[in-house]
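Take a look at the structure below.
The values are calculated or read from the model by the stated rules, or taken from the named source; none is laboratory data. Please read all numbers here as calculations on a predicted model, not as lab measurements. Side chains included, ligands, DNA and RNA excluded: accessible areas come from the protein's heavy atoms. Shrake-Rupley method; radii C 1.70, N 1.55, O 1.52, S 1.80 Å.
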Amino acid sequence: MKIQNRFRATLTKRRTTNPSSGFSLAEMMVVIVIIGLLATLVVPNVIRYLGSANSTKAKADMTQITSAISAYTIQNKMRPPESLEELVNPEDGAGSYFTSKKMPLDPWGQEYMYERNGSAFELISYGRDLVPGGEGDDADIVWSEIEGE
């Protein structure tokens, strides 16, 4: 009889000292407010740096394309390509000048514009707005190679 009473007392004690599982409404509200504050502080900074990352990627792509144009020009008796397509599928049957065997796209998914004037050329990405001109993230990114400079 004493053992049964002792067992009941232990069970009763455990039930009263252990809180119920889960979180209270107040605890959940505090967590939601903290997450909201962190998001408010972090998201604008991430978005600001995303624009500069896209611009940096476009400049790196243009450097790679310029290197391919230089290699093409040297291999073709100082004649630069008429279009960027010649770098991917050269007329002389040589392989692509890019390891991926395709022309890179700008960070906004568009092809780079290639304008040739004699042996000088320009590479252009129209930026986020995809139209000529613009400011900030919408500004054009231009790589210009002018003879003699």
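One table, with the values for the structure above:
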item: For Arg48, solvent-accessible area (1.4 Å; no DNA, RNA or ligand), Å²; result: 140 Å²
item: Cα gyration tensor of segment 71-111 - equivalent ellipsoid semi-axes, whole Å, descending; result: 21, 11, 8
item: Relative contact order %, segment 30-148, counting alpha carbon pairs below 8 Å whose residues are six or more apart; result: 19 percent
